[in-house]
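Peer 1: Got a structure for you, written out below as C-alpha coordinates; questions coming shortly.
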Amino acid sequence: MDLVFAISTISPKADVNFAKIKEVIQELIDEYGVQRVYYSIILFGRDPSVRIKFTPRLSEEALKNAVNSLPRPTGGSSLQAALEKAREVFDEGSRPDSKKVVVVILDQKSESTIADVRDAASKLDEDGIRVIPVAFGSRADTDEGEAATPNKANFVKINVTFPTTECAELISERITDSEYNNKFQTQMKTATT
(Lines give C-alpha, C1' and ligand atoms only; values in the text may rest on other atoms or scores of the structure.)
Protein backbone atom coordinates (compact mmCIF):
# COMPACT_ATOMS: atom_id res chain seq x y z
CA MET A 1 0.00 0.00 0.00
CA ASP A 2 1.10 3.58 -0.71
CA LEU A 3 -0.20 5.82 2.07
CA VAL A 4 -0.18 9.62 2.05
CA PHE A 5 -0.98 11.71 5.11
CA ALA A 6 -2.00 15.33 4.42
CA ILE A 7 -2.14 17.40 7.60
CA SER A 8 -3.45 20.86 8.42
CA THR A 9 -3.57 22.22 11.96
CA ILE A 10 -4.70 25.84 12.16
CA SER A 11 -7.16 25.83 15.07
CA PRO A 12 -6.43 27.72 18.30
CA LYS A 13 -5.11 24.41 19.73
CA ALA A 14 -3.00 23.66 16.65
CA ASP A 15 0.23 22.94 18.56
CA VAL A 16 -1.40 20.36 20.84
CA ASN A 17 -3.39 18.84 17.96
CA PHE A 18 -0.33 18.56 15.71
CA ALA A 19 1.66 16.79 18.42
CA LYS A 20 -1.16 14.28 18.89
CA ILE A 21 -1.60 13.76 15.13
CA LYS A 22 2.11 12.93 14.86
CA GLU A 23 1.64 10.33 17.63
CA VAL A 24 -1.33 8.85 15.75
CA ILE A 25 0.76 8.55 12.57
CA GLN A 26 3.52 6.85 14.55
CA GLU A 27 0.92 4.37 15.88
CA LEU A 28 -0.13 3.62 12.30
CA ILE A 29 3.51 3.13 11.28
CA ASP A 30 3.82 0.66 14.18
CA GLU A 31 0.72 -1.16 12.92
CA TYR A 32 1.59 -1.33 9.22
CA GLY A 33 5.40 -1.32 9.32
CA VAL A 34 7.60 -0.21 6.44
CA GLN A 35 8.08 -3.42 4.48
CA ARG A 36 4.84 -3.39 2.49
CA VAL A 37 3.62 0.16 3.09
CA TYR A 38 5.32 3.24 1.68
CA TYR A 39 4.50 6.56 3.34
CA SER A 40 4.44 10.16 2.21
CA ILE A 41 3.49 13.22 4.27
CA ILE A 42 2.13 16.52 3.06
CA LEU A 43 1.77 19.48 5.42
CA PHE A 44 -0.57 22.13 4.20
CA GLY A 45 -1.54 25.67 4.89
CA ARG A 46 -2.52 27.59 1.78
CA ASP A 47 0.27 25.89 -0.15
CA PRO A 48 0.87 22.19 0.47
CA SER A 49 4.42 20.98 0.98
CA VAL A 50 5.60 17.38 0.59
CA ARG A 51 7.77 16.82 3.67
CA ILE A 52 8.32 13.07 3.35
CA LYS A 53 8.25 11.33 -0.03
CA PHE A 54 7.38 7.66 -0.43
CA THR A 55 9.73 5.82 1.90
CA PRO A 56 11.10 2.56 0.50
CA ARG A 57 14.51 3.06 2.14
CA LEU A 58 13.63 4.35 5.60
CA SER A 59 13.61 2.06 8.60
CA GLU A 60 10.57 2.18 10.86
CA GLU A 61 12.57 4.06 13.50
CA ALA A 62 13.96 6.58 10.98
CA LEU A 63 10.47 7.21 9.58
CA LYS A 64 9.01 7.75 13.05
CA ASN A 65 11.85 10.16 13.87
CA ALA A 66 11.16 12.05 10.63
CA VAL A 67 7.48 12.31 11.56
CA ASN A 68 8.35 13.48 15.06
CA SER A 69 10.56 16.28 13.69
CA LEU A 70 7.96 17.69 11.29
CA PRO A 71 7.23 21.40 11.83
CA ARG A 72 3.61 22.41 12.30
CA PRO A 73 2.06 23.92 9.15
CA THR A 74 1.07 27.56 9.53
CA GLY A 75 -1.10 30.05 7.71
CA GLY A 76 -4.46 29.34 6.15
CA SER A 77 -5.51 25.99 4.82
CA SER A 78 -6.62 24.77 1.39
CA LEU A 79 -8.03 21.25 1.35
CA GLN A 80 -8.47 21.47 -2.42
CA ALA A 81 -4.76 22.23 -2.90
CA ALA A 82 -3.80 19.40 -0.52
CA LEU A 83 -5.90 16.87 -2.47
CA GLU A 84 -4.37 18.07 -5.74
CA LYS A 85 -0.87 17.76 -4.24
CA ALA A 86 -1.67 14.22 -3.02
CA ARG A 87 -2.64 13.29 -6.58
CA GLU A 88 0.70 14.65 -7.81
CA VAL A 89 2.56 12.64 -5.15
CA PHE A 90 0.86 9.44 -6.32
CA ASP A 91 1.54 10.30 -9.98
CA GLU A 92 5.22 10.91 -9.29
CA GLY A 93 6.12 8.13 -6.89
CA SER A 94 3.58 5.44 -6.15
CA ARG A 95 3.96 1.83 -7.14
CA PRO A 96 1.72 0.75 -10.03
CA ASP A 97 0.04 -2.25 -8.37
CA SER A 98 -0.26 -0.91 -4.84
CA LYS A 99 -3.40 0.13 -3.03
CA LYS A 100 -3.41 3.93 -2.81
CA VAL A 101 -4.83 5.80 0.18
CA VAL A 102 -4.64 9.43 1.31
CA VAL A 103 -5.60 10.29 4.89
CA VAL A 104 -6.41 14.01 5.17
CA ILE A 105 -6.42 15.34 8.72
CA LEU A 106 -7.80 18.81 9.50
CA ASP A 107 -8.47 20.45 12.84
CA GLN A 108 -10.41 23.41 11.40
CA LYS A 109 -12.34 24.24 8.23
CA SER A 110 -10.08 25.12 5.33
CA GLU A 111 -10.53 28.05 2.96
CA SER A 112 -11.64 25.79 0.08
CA THR A 113 -15.19 25.71 -1.20
CA ILE A 114 -17.16 22.47 -0.92
CA ALA A 115 -17.45 22.36 -4.74
CA ASP A 116 -13.67 22.66 -5.17
CA VAL A 117 -13.07 19.94 -2.56
CA ARG A 118 -15.56 17.62 -4.31
CA ASP A 119 -13.91 18.23 -7.67
CA ALA A 120 -10.40 17.49 -6.37
CA ALA A 121 -11.66 14.41 -4.49
CA SER A 122 -13.48 13.04 -7.54
CA LYS A 123 -10.23 13.11 -9.54
CA LEU A 124 -8.53 11.03 -6.85
CA ASP A 125 -11.43 8.59 -6.88
CA GLU A 126 -11.20 8.30 -10.68
CA ASP A 127 -7.53 7.40 -10.24
CA GLY A 128 -8.44 4.64 -7.77
CA ILE A 129 -7.10 6.58 -4.77
CA ARG A 130 -9.13 6.26 -1.60
CA VAL A 131 -9.55 9.42 0.48
CA ILE A 132 -10.04 9.12 4.24
CA PRO A 133 -10.94 12.57 5.60
CA VAL A 134 -10.37 12.99 9.34
CA ALA A 135 -12.05 15.82 11.24
CA PHE A 136 -9.77 16.20 14.25
CA GLY A 137 -11.67 18.03 16.98
CA SER A 138 -14.81 20.10 17.17
CA ARG A 139 -13.59 22.96 14.94
CA ALA A 140 -13.10 20.69 11.92
CA ASP A 141 -15.92 20.95 9.38
CA THR A 142 -17.94 17.77 8.86
CA ASP A 143 -19.44 18.94 5.54
CA GLU A 144 -16.01 19.70 4.14
CA GLY A 145 -14.67 16.34 5.31
CA GLU A 146 -17.56 14.45 3.77
CA ALA A 147 -17.10 16.36 0.49
CA ALA A 148 -13.55 14.97 0.29
CA THR A 149 -14.73 11.41 -0.32
CA PRO A 150 -17.47 9.83 -2.45
CA ASN A 151 -17.98 7.19 0.26
CA LYS A 152 -19.25 8.88 3.41
CA ALA A 153 -18.31 5.78 5.42
CA ASN A 154 -14.67 6.79 4.89
CA PHE A 155 -15.15 9.97 6.94
CA VAL A 156 -13.73 9.87 10.48
CA LYS A 157 -14.66 12.32 13.26
CA ILE A 158 -12.14 12.24 16.09
CA ASN A 159 -12.57 13.77 19.50
CA VAL A 160 -9.24 15.24 20.60
CA THR A 161 -9.69 13.64 24.02
CA PHE A 162 -9.60 10.11 22.53
CA PRO A 163 -6.44 8.15 23.36
CA THR A 164 -3.88 8.07 20.55
CA THR A 165 -4.37 4.33 20.03
CA GLU A 166 -8.13 4.78 19.59
CA CYS A 167 -7.58 7.57 17.04
CA ALA A 168 -5.22 5.31 15.08
CA GLU A 169 -7.73 2.43 15.23
CA LEU A 170 -10.54 4.59 13.83
CA ILE A 171 -8.36 5.63 10.89
CA SER A 172 -7.02 2.11 10.37
CA GLU A 173 -10.56 0.71 10.17
CA ARG A 174 -11.23 2.99 7.17
CA ILE A 175 -7.92 2.13 5.53
CA THR A 176 -8.52 -1.61 5.74
CA ASP A 177 -12.28 -1.57 5.06
CA SER A 178 -13.09 -4.72 3.08
CA GLU A 179 -15.79 -3.09 0.93
CA TYR A 180 -13.23 -0.73 -0.56
CA ASN A 181 -10.61 -3.45 -0.83
CA ASN A 182 -13.06 -5.52 -2.90
CA LYS A 183 -13.78 -2.52 -5.16
CA PHE A 184 -10.03 -1.88 -5.55
CA GLN A 185 -9.32 -5.51 -6.43
CA THR A 186 -12.18 -5.50 -8.98
CA GLN A 187 -10.78 -2.32 -10.57
CA MET A 188 -7.31 -3.86 -10.76
CA LYS A 189 -8.67 -7.04 -12.39
CA THR A 190 -10.70 -5.01 -14.88
CA ALA A 191 -7.68 -2.88 -15.73
CA THR A 192 -5.50 -5.92 -16.42
CA THR A 193 -8.04 -7.77 -18.60
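The values are calculated or read from the model by the stated rules, or taken from the named source; none is laboratory data. The model shown is predicted, which means the values in this text are computed figures rather than measured ones. No Cβ is skipped: glycine too gets one built from the backbone with ideal geometry, and neighbour counts run over all protein chains shown. Protein only, heavy atoms only, side chains kept; ligands, DNA and RNA dropped before computing areas. Shrake-Rupley method; radii C 1.70, N 1.55, O 1.52, S 1.80 Å.
Peer 1: Step by step: first the residues of region 19-36, then only those that are within 22 Å of Thr9 (Cβ to Cβ) and among the aliphatic types (A, V, I, L, M), then the one that is farthest from the chain's Cα centre (by Cα). Which residue is that?
Peer 2: Ala19
Peer 1: Which residues, taken from region 112-139, are in contact (Cβ under 8 Å) with a residue 40 or more places away in the chain and under 15 Å from the mean Cα position of the chain (by Cα)?
Peer 2: Those that are in contact (Cβ under 8 Å) with a residue 40 or more places away in the chain and under 15 Å from the mean Cα position of the chain (by Cα): Ala120, Leu124, Gly128, Ile129, Arg130, Val131, Ile132, Phe136.
Peer 1: Which condition from (1) farther than 15 Å from Leu43 by Cα; (2) of a type outside the set (Lys, Arg); (3) touching a Lys or Arg at 6+ places or on another chain (Cβ under 8 Å) is the one that Asn65 breaks?
Peer 2: It fails just one condition, (3).
Peer 1: How many residues, within region 121-164, are assigned to a strand (DSSP E or B) and over 19 Å from Val4 (Cα atoms)?
Peer 2: 0
Peer 1: If I go through region 46-81 residue by residue, how many of them are among the small types (Gly, Ala, Ser) and within 21 Å of Ala168 (Cα to Cα)?
Peer 2: Here the count works out to 4.
Peer 1: Any idea which residue in region 44-56 is farthest from Pro71 (Cα to Cα), counting only those that are open to solvent by 10 Å² or more (accessible area, probe 1.4 Å) and touching a Ser or Thr at 6+ places or on another chain (Cβ under 9 Å)?
Peer 2: Taking the candidates together, the pick is Phe54.
Peer 1: In this structure, does Glu92 turn out to be open to solvent by 10 Å² or more (accessible area, probe 1.4 Å) and farther than 28 Å from Phe162 by Cβ?
Peer 2: Yes, satisfied.
Peer 1: Report whether or not Val102 is of a type outside the set (D, E, K, R) and over 21 Å from Thr74 (Cβ atoms).
Peer 2: yes
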